[in-house]
Amino acid sequence: MTHWMIVTSPENFERTRTLRFTQQGVKSRHRRKAERMVPGDRVCWYLTGIQSFAATATITSPYYEGSEPIWVSEKTGDTYPWRFKIKKDHAVDPDRAIKAESLLAKLEHVKRWPKEHWRLAFQGNVHELDAKDLLINEFTIPAGVAIGSPDEIVIRSEEGWILGCPP
């Protein structure tokens, strides 16, 4: 199983949410990575601008080529043609997403860069992650706590629950 991070704008993330997390696309230059994505692989989303993690999902299909314009790169006009089906595992509204900066000490992926340049770790559309990094980004809420409930917000924000374990 491989673990992937999709780096995208809040607007493109919203497009994935509108599709009810049934599919995701990657930019045309990432065909080789898309070819390696297989059912059972995991993905998480890092949202640019707000510099936060907002969701995780499991890939449920091999990649395929799509031409319908869903996700768009404002810089290049790329329509993210390499796509795969997904099933949402966890997702929160972007305004409640987990700030990447709060996880820097735990993420192996960002340790490749000097601490003051951690944002470089989130350049580019697709990154392969260490399994531990995806699990850290996955904000599993303790059993019996509904997503969006006042209890979930308190647990996640005050105690910093990640994988059901306090930091």
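Here are the numbers for this structure:
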read-out: Net length gained if the chain between residue 51 and residue 132 were fully extended (0.36 nm per residue, minus Cα distance); value: 27.2 nm
read-out: Distant-in-sequence amide H partners of residue 78 (H built 1.01 Å from N, under 5 Å); value: 73
read-out: Estimated inter-spin distance, residue 75 and residue 93, nm [label 7 Å along Cα→Cβ]; value: 3.0 nm
read-out: Segment residue 68-residue 111, extension gain: residue separation times 0.36 nm, minus the distance between their alpha carbons; value: 11.8 nm
read-out: Of all DSSP beta bridges in the stretch 6-63, antiparallel share, percent nearest 5; value: 65 percent
read-out: Charge sum, other residues only, whose C-beta stays under 15 Å from residue 33's C-beta, Lys/Arg counted +1 and Asp/Glu -1; value: +2
read-out: DSSP-assigned coil residues among GluC sites (Glu not before Pro) in the stretch 7-99, each with at most 13 further Cβ atoms within 10 Å; value: 74
read-out: Listed residue pairs exceeding 23 Å between alpha carbons, taken from 75/111; 33/75; 33/87; 27/75; value: 75/111
read-out: Beta bridges per DSSP with both ends in the stretch 1-120, % antiparallel, nearest 5; value: 75 percent
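Every number in this text was worked out from the coordinates using simple rules, so none of it is lab data. Quantities reported herein were computed from a predicted structural model and do not represent experimental measurements. Glycine also receives a Cβ, built like all others from the backbone with ideal geometry; neighbour counts cover every protein chain displayed.
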